[in-house]
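Colleague: If you scroll down you'll find the structure; I have some questions about it.
The values are calculated or read from the model by the stated rules, or taken from the named source; none is laboratory data. As the structure is a prediction and not an experimental result, all values here were calculated from the model. All Cβ positions, even for glycine, are placed from backbone atoms using ideal geometry, and neighbour counts span all protein chains on display.
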Amino acid sequence: MTVLDWLLDSDPSIRWQVMRDLTNEPDEVIAAERARVATEGWGARLLALQAHNGQWGGGSYHPYWTSTTYTLLTLRDLGVDPNSEQARRAIKLVRDNVQFQWTETDFKPFFEGEAETCINGMVVALGSYFGEPSTSLVERLLGEQLVDGGWNCWAGEAWPGEESTRSSFNTMISVLEGLLEYEKSVAPDPEVTKARVQGHEYLLERRLFRRLSTGEVIEPEWPKTSDFTRFSFPPWYFYDVLRGLDYLRAAGVDPEPRIDEAIELLVSRRDADGRWPLENSHPGEVHLEMEAGDNQPSRWNTLRALRVLKWWER
């Protein structure tokens, strides 16, 4: 079985992205396969787990990996059609019922965001993708961009008196993905593009995983399960090199020499059968298992790696 056959012998959420990104099937074929995500397999299972109050997992952001935020992030990763009847019904429940708690007495609608920059990056991505965009939240993210070009959760109003002046890769990737989704799904915006380009430059100056000051590979101090050189899926809020490369591809950034080493790292992880393993799954309860486990071949990582290489080799 070829790698492409192995990828296609899977869930509709993987098949439709293979058809779009790797085999270049006709649009109507891709659309038909994508439509199945909401009615079959992983996408349908996740949608069916939504409670009558609009939540998943009993909360807006917690518990990790099963809450409303992370379930919607997974549905976006699966590529469920936001215009499908099932997705529209689910998003209406979220919009009308789910809130973020800022203080003991202050609650805000889900798509208006939270106090932390990283969470707001996720919410901008979700709102833009699912048809509930927040321009005010985008403007807030633009105002929180740091001098070095990136973002950090500790730079926002969630941590008064403890603000950081140095960007975080984990926060940055969530914000960049959110701003890109806003431009793709809502409208291009010169100020948003400018902010994203500054974020690109932050990543590129660091070769996607090295310290600017010493050139050493970055070893994140927190959280302990974070490792930029080992590839995860779902990524949740964690940055890694594959996620960074896939973002640059999606953003239409032209391949350039500062990405060379990250590509070499990516290629080095391919096994003898042409597949990539799951390397660093993050502990915690999940709604469903989509992979066989760490150190086993991963369809999601293989799909993402192959489309990155296709972008790089063009």
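Colleague: Can you confirm whether the range 14-27 contains a residue that is more than 22 Å from Met122 (Cα to Cα), part of a helix (DSSP H, G or I) and aliphatic (A, V, I, L, M)?
Modeller: Yes, that holds for at least one residue.
Colleague: Just for helices (runs of 4 or more DSSP H) wholly inside the range 116-204: which have at least 2 residues that are among the acidic types (Asp, Glu), at pLDDT 95 or above and under 30 Å from Pro63 (Cβ atoms)?
Modeller: Here the list reads 169-185.
Colleague: Between Phe209, Phe233, which is under 16 Å from the mean Cα position of the chain (by Cα) and at pLDDT 95 or above?
Modeller: Phe233
Colleague: Can you name the residue in the range 188-210 that is surrounded by fewer than 14 Cβ atoms within 10 Å (Cβ to Cβ) and touching a residue at least 24 places away in the same chain (Cβ under 8 Å) and, of all such residues, is nearest to Arg140 (Cα to Cα)?
Modeller: It comes out as Glu191.
Colleague: Kindly provide the set of residues from the range 1-42 that are of a type in the set (Lys, Arg) and either farther than 22 Å from Leu72 by Cα or buried (at least 21 other Cβ atoms within 10 Å of the Cβ) (or both), ordered by number.
Modeller: Arg15, Arg34
Colleague: Give me a count of the residues in the range 1-51 that are within 30 Å of Gln99 (Cβ to Cβ) and without any contact (Cβ under 8 Å) to a residue 24 or more places away in the chain.
Modeller: 2
Colleague: Where in the range 30-103 are the helices (runs of 4 or more DSSP H), entirely inside, with at least 1 residues that are among the acidic types (Asp, Glu) and closer than 20 Å to Trp236 by Cα?
Modeller: Once the helices (runs of 4 or more DSSP H) in the range 30-103 are filtered for at least 1 residues that are among the acidic types (Asp, Glu) and closer than 20 Å to Trp236 by Cα, what remains is 68-78.
Colleague: Still on this model: Listed residues Trp276, Trp222; which is over 19 Å from Leu75 (Cα atoms), out of contact with any Leu (no Cβ under 9 Å at 6 or more places or on another chain) and aromatic (Phe, Trp, Tyr)?
Modeller: Residue meeting the stated conditions: Trp222.
Colleague: If Glu221 passes every condition in (1) at pLDDT 95 or above; (2) not aromatic (Phe, Trp, Tyr); (3) not in a helix (DSSP H, G or I) but one, which one does it miss?
Modeller: So the condition that Glu221 fails would be (1).
Colleague: I'm told Tyr64 meets every condition in (1) closer than 26 Å to His200 by Cβ; (2) touching a residue at least 12 places away in the same chain (Cβ under 8 Å) except one. Can you identify the failing condition by its number?
Modeller: (1) is the only condition that Tyr64 fails.
Colleague: Filter the range 60-103 for residues that are under 22 Å from Ser174 (Cα atoms), out of contact with any Pro (no Cβ under 8 Å at 6 or more places or on another chain) and surrounded by fewer than 17 Cβ atoms within 10 Å (Cβ to Cβ); which is modelled with the lowest pLDDT?
Modeller: Trp102
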